[in-house]
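Structure, as structure tokens:
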Amino acid sequence: MTDTQLFERYDWTIEQSDAGERIDKYISLQNEDWSRSQVQAWIKEGRVTVDGEPVKSNYKLQAEDELTLRVPPPREMAILPEPMPLDIVYEDSDVVVVNKPRGLVVHPAPGHYSGTLVNGLLAHCKDLSGINGVLRPGVVHRIDKDTSGLLMVAKNDKAHMGLAEQLKEHSVNRTYVAIVHGVIQHEMGTIEAPIGRDPKNRQQMAVVFENSKHAVTHFIVQERFKDYTLVELKLETGRTHQIRVHMKYIEHPLAGDPKYGPKQTLEINGQALHAKTLGFVHPRTGERLEFEAPLPEDLEQTIAYLRQQ
């Protein structure tokens with residue numbers, strides 16, 4: 001195998017709506033695991049080309065540009081504990097439930113080996129399950145970097161398998177709160193639409209009817225504003241970016257969403273989405289556990305602002 005075959009290749013054709021965007025910013029928005037500084041390093045290393053030619057980080061994209069990124073293969077490396085403040089909602093010898101702030105990446109990934117929730121958890125408890133390997137110890141399910149709220153982490157493999165089975169059986173209770181664009185007229189609804197890779201942009205998910213997975217999201221309107229709606233959403237399935245994709249599909253994309261929402265939106269650092277409730281059966285005791293995390297301050301402030309409009 002040649003060195004070039006080891007690289008993971010990503011290709012984009014730039015649309016008119018993205019013309020004028022800096023190339024480093026555009027690429028960093030295509031994958032939440034890629035920081036802008038990491039993208040800039042790749043550009044310096046010549047891993048990014050436009051129409052086959054290397055460019056600088058401040059290059060302004062033009063419509064129809066053919067953009068290519070070659071990401072180097074991940075290195076096997078130890079993930080180091082990093083002390084950080086963690087909002088631990090529950091902890092015992094098997095399970096940790098964490099209230100994750102917006103902006104914190106859940107687990108390390110190529111080019112982003114530090115500063116993640118997993119680094120902080122390793123410093124906090126030192127014993128996490130090894131089922132997901134060196135980069136994702138203990139991670140049973142994840143929430144996006146710019147989504148806040150509750151997620152569960154397993155301290156040992158037995159607990160991990162028990163929690164993962166509940167996710168597979170859709171018996172975990174996961175409720176989210178979101179602010180979406182537009183005023184939803186009906187009080188509640190169910191979105192049942194399969195999700196898979198977007199054939200037009202392989203770095204995004206979309207509602208597609210081939211090479212996709214069954215996906216169901218339920219929602220209830222909590223409050224209506226002038227141009228937005230506050231909704232509570234319950235996941236029946238757990239597909240990648242499910243809420244973000246489903247709400248875009250019904251033409252009510254999440255406010256602040258840089259990947260699936262409009263450019264003109266509320267000034268929030270990431271999508272206005274919070275994992276409010278998490279409920280599951282304890283994998284050892286069989287006890288039903290239910291946890292709730294209050295809305296983060298920035299969402300509370302945004303809701304107060306919308307009420308004044």
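The values are calculated or read from the model by the stated rules, or taken from the named source; none is laboratory data. Since the structure is predicted, the reported quantities are computational estimates derived from the model, not experimental observations. With ideal geometry, Cβ positions are generated from the backbone for all residues, glycine too; neighbour counts draw on all protein chains shown.
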Report summary line: Residues of segment 222-268 being acidic (Asp, Glu) and either farther than 11 Å from residue 179 by Cα or out of contact with any strand residue (DSSP E or B) (no Cβ under 9 Å at 6 or more places or on another chain) (or both), in sequence order, are 236, 251, 267
Query raised in the report: If you check residue 191 against the conditions, is it in a strand (DSSP E or B), over 22 Å from residue 90 (Cα atoms) and touching a residue at least 40 places away in the same chain (Cβ under 8 Å)?
Result: yes
Query raised in the report: So which residues in segment 14-30 are part of a loop (DSSP other than H, G, I, E, B) and surrounded by fewer than 18 Cβ atoms within 10 Å (Cβ to Cβ), if there are any at all?
Result: 15, 19, 20, 21, 29
Query raised in the report: Which one of the conditions (1) of a type in the set (A, V, I, L, M, F, W, C); (2) at pLDDT 90 or above; (3) within 24 Å of residue 146 (Cβ to Cβ) does residue 63 fail to meet, given that it meets all the rest?
Result: (3)
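If only one of 230, 289 is buried (at least 16 other Cβ atoms within 10 Å of the Cβ), farther than 23 Å from residue 167 by Cα and either in contact with a helix residue (DSSP H, G or I) (Cβ under 9 Å, 6 or more places away or on another chain) or not assigned by TED's automatic domain parsing to the domain that holds residue 161 (or both), which one is it?
None of the other options fit; the residue is 230.
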Query raised in the report: Inside segment 66-89, can you point out the residues that are β-branched (Val, Ile, Thr) and at pLDDT 90 or above?
Result: 68, 88, 89
Report summary line: Quick count over segment 36-69, residues being polar (S, T, N, Q), under 30 Å from residue 143 (Cα atoms) and surrounded by fewer than 17 Cβ atoms within 10 Å (Cβ to Cβ), is 2
Report task. Within segment 108-123, track down each residue that is at pLDDT 80 or above and buried (at least 18 other Cβ atoms within 10 Å of the Cβ). Result -> 116, 117, 118, 119, 120, 121, 122
Requested in this report: Taking residue 56 as the residue in question, decide whether it is outside any loop (DSSP other than H, G, I, E, B) and not hydroxyl-bearing (Ser, Thr, Tyr).
Outcome: no
Requested in this report: Give just the number: which of (1) in contact with a strand residue (DSSP E or B) (Cβ under 8 Å, 6 or more places away or on another chain); (2) in a loop (DSSP other than H, G, I, E, B); (3) modelled with pLDDT under 90; (4) exposed (fewer than 15 other Cβ atoms within 10 Å of the Cβ) does residue 183 not satisfy?
Outcome: (3)
